[in-house]
Amino acid sequence: MFRYTVTKDDFTEMTVYLMKQKSAKTSSKVKLVLFTIVQMAVIAWLIIVGKDVSPVIRILMGVFSLLWAAQTIFSYGFYKVRAKMMLTNQADNDKSGDFWKEHRLQLQGDKVNITYGDKKASVECAQITGTQETENLLLLMSGNGIFELVPKTVAEKPDFQDFLAGIRKAAADKLKAAQEKQRAGALENASFKEYLPLSEEDVATELVRMKRLSMLTTTGWSRVSVLVMIIPLIILALGIAARSSLYIIAAVVFFLLLNAGTLMIFTPLYKKVVRKQLQPAGEGGYLLTVADGFINLFTREHQFRYKIAQLRKAMEGKDGTLFLFFPNQQMVFVPSSVSAEFKKAVNNRHSLSELSHMDIK
């Protein structure tokens, strides 16, 4: 068991580190430029050129532009100020102050447990996805979040390295046992079983088609924020009211800028993005089965399970390829060569009557 305390300086350091990581992403940098320099330039151009627009409207547009840029800069900078605000929220949410009491971290079986004050938290070793380091901390990551922050005065001890090795071993052993059991069950009880000799290029192509299909339905567009739609509509309304073609053009420009990420899905560049995110099949292709209420997809190194009862939508391309949509943006495609037999197997558990035909290229 490891005993230590986490200070407010540690919490601030962790928060600043995470903020900087987020800001360092290419998408964040693009948004920063779009929502500051680009939008200010467009609105400044409208103010200067749009002489037929009333001075009041031009002043309001200028104020709006400055406020939008200021809010964006604050969201992508001022790390310590924002970290202190989060620290205040942490204090407000933890009225007892347990988080600042002694932390006790230990490995018990296949779980990592943490206790501070009267609070306890536990996570399976398989859910610990790795570690990240700051100047004075080692962060234990769980999924996309942080499970615990450990001062380096503790983390750099030899026995802590043994602790991390124990987590990795416990996770690997449990994962291997679970995969072997699931694979055996998925094969033995399968109502459908088919080997798909698909290349990574084939998979990337189908995933792109699938994402485009999703975005062309209400499922995809329902996630678009109100802000993304409201700003171009405001500028468009102003342009119509002022009978200014410049404002109407600006509304179109802003719509394109704000929806750049969504629109990129329909460009050739998106396939490169998908290929970078794709988990490789390795040698051989993919084994697809339907068993015990699950759709199973196996590669040599990876296994994916999708609960049939959680199937949200099923769509079929005109070429017969079947596209299945699950929660958390999980998607599965079934080639036309086996989709008919696959549907029969799935229909024993869940109706695919929502199938609609769309030709997505």
*asked:* Considering only residues that are surrounded by 15 or more Cβ atoms within 10 Å (Cβ to Cβ) and out of contact with any strand residue (DSSP E or B) (no Cβ under 7 Å at 6 or more places or on another chain), which ones fall in the stretch 101-116?
replied: 107
*Only one of these conditions is not met by residue 254: (1) at pLDDT 70 or above; (2) farther than 30 Å from residue 60 by Cα. Which number is it?*
(2)
*Collect the residues in the stretch 130-156 that are polar (S, T, N, Q), in a strand (DSSP E or B) and touching a Leu at 6+ places or on another chain (Cβ under 9 Å), keeping them in residue-number order.*
131, 132
*Identify the single condition in (1) farther than 28 Å from residue 165 by Cα; (2) surrounded by fewer than 14 Cβ atoms within 10 Å (Cβ to Cβ); (3) within 26 Å of the chain's Cα centre (by Cα) that residue 49 does not satisfy, given that it satisfies every other one.*
(3)
*What are the residues in the stretch 299-329 that are assigned to a strand (DSSP E or B) and touching a residue at least 60 places away in the same chain (Cβ under 8 Å), if any?*
303, 305, 313, 315, 317, 323, 325
*Restricting the stretch 22-36 to residues that are in contact (Cβ under 8 Å) with a residue 12 or more places away in the chain and of a type outside the set (D, E, K, R), the residue that is surrounded by the fewest Cβ atoms within 10 Å (Cβ to Cβ)*: 27
*Counting only residues that are of a type in the set (Phe, Trp, Tyr) and surrounded by fewer than 16 Cβ atoms within 10 Å (Cβ to Cβ), how many does the stretch 296-335 have?*
1
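Can residue 12 be described as farther than 16 Å from residue 251 by Cα, within 30 Å of the chain's Cα centre (by Cα) and at pLDDT below 85?
On the way: farther than 16 Å from residue 251 by Cα: yes; within 30 Å of the chain's Cα centre (by Cα): yes; at pLDDT below 85: no.
So residue 12 does not fit the description; no.
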*Can you find even one residue in the stretch 317-330 that is under 30 Å from residue 344 (Cβ atoms) and at pLDDT below 75?*
yes
*What number of residues within the stretch 52-78 are more than 38 Å from the chain's Cα centre (by Cα), loosely packed, with under 15 Cβ neighbours inside 10 Å and not in a helix (DSSP H, G or I)?*
2
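The values are calculated or read from the model by the stated rules, or taken from the named source; none is laboratory data. Predicted, not measured: the structure shown is a model, and the values here were computed from it. Heads up, the Cβs are rebuilt from the backbone with ideal geometry, glycines too, and the neighbour counts pull from every protein chain shown.
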